[in-house]
Amino acid sequence: MVKPIKQLISPRMMEKAKKSDIYETLKHSKNYFFADIAIKAVGVISVPIFTRLLTQEDYGIVAVFDAYVGIFLIILSLNSHAAVGRYYYEKTKDFNEFVGTTLIFMGFIFAFIALFFISLSKQIAHIIQLPGLLHIYLVIICLFGIICEMYIEILIPQKRSREIALIRTVRSFASVATSILLVCLLKENKYLGRVWASLIIGAIFSVYLMIKIRDYSRFSFRRSHLSYIAHYSFPLVPYALSGIILAQFDRIMINSTLGTASAGLYSLGYNIGMLLLIVIASTRTALIPDFYRFLNSREYNRLEILVRRVFSIVTIAALGLFLFAMEIGFILADEKFHPGLSVVPIVVIGYVFFGMYSIYSWYVFYEKRTSYLSVVVFPAGVLNIVLNILFIPKYGYIAAAYTTVVSYFVMFLLMWITANRICDQRIVPLWIIWKPTIIMFLFIGSFYYLNWLNLHTVVFFIMKLMILVLFSTILFWKEIKILYSEMFRT
C-alpha cells in the first residue's frame with residue numbers, strides 16, 4: 001500500500017527543505033500569489049456584474065477614472081514611498097527617522113501639488129474630461145493609495161507577506177462589495193457608486209494603516225534622508241509613467257483606429273496573457289530580500305541557484321498558460337470574445353521577456369542608480385508607440401501583441417546591458433534564464449506539431465498535460481533526484 005506523502009518525507013528532510021533559500025522564497029511567493037489570484041478573481045467576477053448594473057458611458061467613466069488614479073498617484077507622491085523599502089536594507093539604526101522624514105516630505109509635496117491641482121480644477125477637469133467632482137475625488141483617492149503603498153513598502157523587506165496579502169485582498173473585496181451596494185442604491189450617475197466606494201474603503205484603511213505606520217516612524221526631518229529619497233525615488237517617476245504608457249497605449253491605439261469591439265477582443269486576450277504577471281510579481285516580491293542579502297554577503301552561487309529556480313517557475317507558468325490559453329478563455333469569456341484569444345500566447349512570450357527584465361532591474365535598485373530605469377523603459381515605450389502606429393492600422397489588433405513582445409525584449413536587452421555596466425558585482429549569467437526559456441520554446445514547437453496533427457480534443461488535452469509535466473521535470477530534475485534519494489533512504 002502506498003504511504004501518504006507526509007509519511008514518506010522524514011522530519012530531517014522537512015527541516016533541510018525549510019532551511020533552503022527556495023523554500024523561504026516560495027513560502028512568501030505563495031502568500032503574494034494567492035492574494036493576487038483572489039484580487040484577480042474579484043475582478044473577473046465583478047466584470048459581468050458591473051457591465052449589467054452600469055451603462056456603457058458609466059463603465060467608461062469608471063475605467064478612465066481608474067487610469068488617472070494610477071497616473072496621479074505617481075505625480076502626487078513623486079514616488080517617494082519607494083525609497084522606504086530600499087532604505088531598510090541599509091541596516092542602519094535610523095529607519096524610523098527615515099520613515100518620519102518621508103512622511104513629512106510626502107505630506108508637503110502632496111499638499112503643494114494638490115492645492116495647485118484644485119486651484120486649476122476647472123481647467124484640469126476640462127482636460128481630463130471627467131464629470132462632476134471626480135477630479136477632486138481623484139486627489140483624495142490618490143492620498144489613500146499613497147498611505148497604503150507606504151505601509152506595504154515597510155512590510156516587504158521584513159518578509160511579512162501574509163499581512164500584505166491580507167491587506168490587499170480585504171481591501172479589494174470590501175471595495176467591490178461596497179461598490180455593488182452603492183451602484184444598486186443610486187438611481188442616476190451610477191458610476192459614482194464605484195468612486196464613492198473607493199473613497200469610503202480608502203478612508204477606513206488609511207486610518208488603520210496610519211496607526212500602524214506610527215509604530216515604525218519617528219517624526220524628524222534630516223537632509224541626508226531627503227537626499228536619499230531624491231536620489232532613489234525621483235528618477236523612478238518617468239520610469240513609472242513610461243511603464244503606464246507601455247501597458248496602455250496599445251489599447252488606446254486599437255480603440256482609435258479599429259473601434260471599441262477590436263479593443264474589447266484584444267483586452268480580453270491581453271488580460272488572460274497578463275495572468276503570468278501574477279507569478280512574476282509574487283516571486284519577485286518574495287525574492288527581493290534574499291536578492292539583496294546575497295549581494296551584500298557576495299554569495300553569488302546561492303543567488304544564481306535561487307534565480308534559476310524562480311525563473312524556472314516563471315517559465316513553467318508561461319508554458320502552462322500558453323498550452324491552455326484556449327481552455328481558460330472558453331471558461332472565462334463568452335463565445336463572441338473567443339477570437340481575441342489568439343493574442344494570449346503572444347502576450348505570454350512578451351511577459352517572459354518582462355520577467356527577464358525584472359531580474360536584471362534588481363541590480364539597478366540595489367546600486368540605487370534608479371535614473372537608469374527611465375533610460376531603459378522610456379525608449380521601449382517610445383518604440384511600442386511607433387510600432388503600434390505603424391502596424392495596427394495595417395494588420396489589426398494582433399499586431400499590438402507582437403509589438404508588446406518586441407518592446408519587452410528590447411527593454412530586457414537594455415536592462416541587461418545597463419546592469420553589466422553599473423554593477424561592480426557579478427551579475428546573474430544569461431544562460432541561467434535563457435536555458436529554461438529555450439527549452440520552453442522547444443516544447444512550444446512540439447505543441448504546434450501536435451496541433452498540426454489534428455488530434456482528438458481529449459487526446460490533445462492529455463498530450464498538453466504531458467508536455468507541461470515533462471518540461472517541469474526537466475527544469476527541476478536535480479531537485480527531484482535529491483528528494484527521491486532522501487525518500488529512498490527514509
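Post the alpha-carbon centroid distance, segment 173-217 to segment 425-472, in whole angstrom. Distance between centres, Cα-based: 43 Å.
Separation of the alpha carbons by more than 31 angstrom is noted, of LYS91/LYS478; LYS91/LYS212; LYS122/LYS368; LYS122/LYS394; LYS122/LYS190; LYS435/LYS481, for LYS91/LYS478; LYS122/LYS368; LYS122/LYS394. Between TRP431 and ALA281, what is the label-point separation in nm under the 7 Å Cα-to-beta-carbon projection? Each label point is offset 7 Å from its Cα along the Cβ direction, giving 3.5 nm. Residue separation of ILE422 and LYS478 scaled by 0.36 nm, minus their Cα-Cα distance, works out to 16.8 nm of gained length.
Assuming a ≥ b ≥ c are the square roots of the Cα gyration tensor eigenvalues, decide whether segment 237-490 counts as rounded (a/c under 1.5), prolate (otherwise, with a/b larger than b/c) or oblate.
Details: a/c = 2.40, a/b = 1.11, b/c = 2.17.
Here segment 237-490 falls in the oblate category.
Computed from the C-beta positions of GLU327 and GLU90, the FRET efficiency with R₀ = 51 Å rounds to 0.60. From the square roots a ≥ b ≥ c of the eigenvalues of the alpha-carbon gyration tensor of segment 271-331, which class results: rounded (a/c under 1.5), prolate (a/b over b/c), or oblate? Prolate, since a/c reaches 1.5 and a/b exceeds b/c. Highest mean packing comes first when the peptides 136-145, 449-458, 386-395 are listed by Cβ atoms within 10 Å, giving 136-145, 386-395, 449-458.
Once the Cβ-Cβ distance between GLN123 and TYR395 is put in as r, and R0 is 35 Å, what FRET efficiency do you end up with, to the nearest 0.05?
Details: r = 39 Å, r/R0 = 1.11.
For GLN123 and TYR395, the calculated efficiency is 0.35.
When the Cα positions of GLY320, PRO238, ILE474 are compared along the charge dipole of segment 237-490, ILE474 comes out farthest toward the positive end, with charges on each C-beta of Lys, Arg, Asp and Glu.
Taking the average, over residues, of other Cβ atoms within 10 Å as the packing measure, peptides 309-315, 120-126 rank 309-315, 120-126 from highest down.
Decide, for segment 364-411, between rounded, prolate and oblate: order the square roots of the alpha carbon gyration tensor eigenvalues as a ≥ b ≥ c, take rounded if a/c falls under 1.5, and otherwise choose prolate if a/b is larger than b/c, else oblate. Since a/c reaches 1.5 and a/b is larger than b/c, the shape of segment 364-411 is classed as prolate. Here the simple spin-label model places points 7 Å from the Cα toward Cβ, and for ASP66 and VAL375 these points are separated by 3.6 nm. With Cα atoms defining each centre, segment 122-143 and segment 360-384 are spaced 30 Å apart in the structure. For LEU185 and VAL386, the FRET efficiency from 1/(1 + (r/R0)^6), where r spans their Cβ atoms and R0 equals 51 Å, is about 0.65.
Every read-out reported here was derived from the displayed coordinates using simple, explicitly stated rules and does not represent laboratory data. Because the structure is a prediction, the values reported are computed rather than measured. Cβ: placed from backbone, ideal geometry, glycine included. Neighbour counts: every protein chain shown.
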